[in-house]
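The structure appears right after this line, and notes come after that.
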Amino acid sequence: MATDLRLPTDRIVRPDKDRFLNEENPFEAMMSRFDKAADLLDLEPGLYKVLRHPEKTITISVPVLLDNGEVEVYTGHRVLYNTSRGPAKGGIRFDMNVSLDEVKALAAWMTWKCAVVNLPFGGSKGGVVCDPLKMSVGELERLTRRYTAGIIATLGPDSDVPAPDVNTNERVMAWVMDTYSMHVRHTVTAVVTGKPVEMGGSLGRREATGRGCMIVTKEALAHLGMNVRGTTVAVQGFGNVGSVASQLLHREGCKIVAISDRTGAVHNANGIDVEDAVAYVKERRSLDGYAKGERITNEEMLTLDVDVLLPAALENVITTKNAGKIRAKIICEGANGPTTAAADTVLEEKGIFVIPDILANAGGVTVSYFEWVQDRGGYFWTEDTVNDRLRDIMTRSFKDVLDLARQHKVNMRTAAYMLSISRVATVHRLRGIYA
Ligand code: NAD
């Protein structure tokens, strides 16, 4: 007789599905999608409860000696959401909007994201509440090292592997790697990904998330029978993800008609010169003052008449307040959580094809996985190998999600959650509950 791998069932207590959640609480937004997929999967109650809770939540105070001699104390979080499939993987974000609920949501999204593209990782995330743009390099380094020391018990190539996220970069990862290595008394390159190539980083990692967005956008265009050449695109956020996605889509023949950052948006119906805008931002650190187009607000940009909208900034930019006005045919979610759960319904009613964040921006963690594999093997791949393997994983994952969406007659987001939750659930059933 086949072994029953399902966890023992008990009475299920699920939140009222129709209760209107706080639309902008990212953890609630994540959970409402999780609930919908869990229902469709008929997830057993015990496992449902397990997967609704993060495994580990750490909050620390991070005292930093400022350049003026004063001491400031920042708050830092690290959440390991689920490690059933492998070491936790997730970025570190430095931003004033960081909160524990946000970090929990981002850690859960990392869990589903790694599972959707079938990487042997669990999910985590970290963040420090601070404004890095107002800090000197020395202050940032001290903040990074003290935060790393504070969460060091969770870190390690086999336990929890950070990467860059909003307002952190290769340099910050180098400090994390060095601090960890100093504590354990030997160099451990695989403890972080997104490092400089000179110290064990992977070729292609910096561009990977934007490249993944480009790949799935092309898949979506093909699925909808639309031409890549001449496709009009508006990109919100012109940092790592948004700028690279713009460059690569532009090279594929798309017309980038609007870009934006925290200082506002630029619209040019004839097409933005993306390389010129990248060079401008590299020099000035923002699009402020960029005059080769009409200045519009971020809000106006979201509702432009374009084929593809690519939000690549922060959460909750597409809400019930503006979803009805969005005219794009495809939304490629470069950012994590740009659409609220309530806005999903509006977009679906309008027939907009949404490539959900956990699929659309999974290129970054995929090449992070390649970096971790290369560090552990001590053998490094060419950029073409990295990009080819990334393309294989992104196209296969897009197809997996699309197939499931068709099979269950659900949208791409629900299908992506169903695929990832079922993969995590299978491992939990196989492992059982340790008592
Ligand atoms: P980044 O810090 O490099 O860039 C963020 C950009 O968003 C900047 O241009 C900033 O000015 C802009 N921005 C900030 N607030 C804004 C606002 N209110 N309106 C418009 N623009 C605003 O960050 P990033 O690494 O590009 O990350 C962007 C998003 O992509 C985040 O949601 C992040 O979690 C997600 N993401 C990043 C990666 C990665 O590899 N970097 C991987 C997966 C997902």
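Here is how the numbers come out for the structure above:
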quantity	calculated
VAL354 long-range amide H proximity, modeled H, under 5 Å	ILE331, MET412
Share, in percent, of DSSP beta bridges within segment 208-360 that are antiparallel, nearest 5	30
11 Å reach of a label modelled at GLU294, 7 Å along Cα-to-Cβ, counting backbone N of segment 251-281	267-270
In Å, descending, principal axis extents of the Cα set of the chain	65, 58, 43
Whole-Hz ³J(HN,Hα) from phi, Karplus 6.51 cos²θ - 1.76 cosθ + 1.60, for segment 137-150, glycine and proline x	4, x, 5, 4, 5, 5, 4, 4, 5, 5, 4, 4, 4, x
Cβ crowding within 10 Å averaged over residues, with 135-142, 386-393 ranked highest first	386-393, 135-142
Spin-label pair LYS409/ALA149, simplified geometry with 7 Å Cα→Cβ offset, distance in nm	6.0
Per-residue ³J(HN,Hα) for segment 196-210, Karplus 6.51 cos²θ - 1.76 cosθ + 1.60, θ = phi - 60°, Hz, x for Gly and Pro	x, 4, 5, 10, x, x, 9, 4, x, 5, 4, 8, 4, 5, x
Rounded to 5, percent antiparallel among DSSP beta bridges of the chain	50
In range of the label at ASN227: residues from segment 253-290 whose backbone nitrogen is under 19 Å from the point 7 Å along Cα→Cβ	253-257, 269-272
Value at 222 nm in deg cm²/dmol, rounded to 500, when DSSP H runs of n ≥ 4 in the chain each add -39,500 (n - 2.57)	-14000 deg cm²/dmol
Gained length - ILE58 relative to ARG376, 0.36 nm times residue gap less alpha-carbon distance	111.8 nm
Cβ crowding within 10 Å averaged over residues, with 363-372, 278-287 ranked highest first	363-372, 278-287
Highest average packing first - 332-342, 421-431, 60-70, Cβ atoms within 10 Å	332-342, 421-431, 60-70
Amide H contacts of THR232 (H built 1.01 Å from N, under 5 Å, at least 5 apart or other chain)	LYS255, ASP307, VAL308
Listed residues ALA312, VAL354, SER243: farthest to the positive end of the dipole of segment 208-360 (Cβ charges)	SER243
Taking all pairs of distinct alpha-carbon atoms in segment 208-360, Kirkwood radius in angstrom	14.9
Residue-wise HN-Hα coupling along segment 117-123, computed from phi with Karplus coefficients 6.51, -1.76, 1.60 (Hz; x: Gly, Pro)	9, 6, 8, x, 10, x, x
Nearby lysines by direct alpha-carbon distance to LYS104 (threshold 16 angstrom, same-chain neighbours under 8 apart not counted)	LYS49, LYS56, LYS89, LYS113, LYS125
Loop-located trypsin sites (Lys or Arg not before Pro) in segment 30-121 whose Cβ has at most 12 other Cβ within 10 Å (DSSP)	none
Compactness of segment 216-285 - radius of gyration and Dmax, Cα, Å	12.1, 39
Solvent-accessible area, 1.4 Å probe, carbon plus sulfur percent, for the chain	50
Pairwise Lys count, segment 208-360 - Cα closer than 18 Å, eight or more residues apart or different chains	8
Segment ASP388-LEU430, extension gain: residue separation times 0.36 nm, minus the distance between their alpha carbons	11.9 nm
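The values are calculated or read from the model by the stated rules, or taken from the named source; none is laboratory data. If you're wondering where the values come from, they're calculated on a predicted model, not measured in any experiment. Counting neighbours? That spans all protein chains shown, and the Cβs are built from the backbone with ideal geometry, glycine included. To get the accessible areas, we keep the full protein, side chains included, count just its heavy atoms, and leave off ligands, DNA and RNA. Shrake-Rupley method; radii C 1.70, N 1.55, O 1.52, S 1.80 Å.
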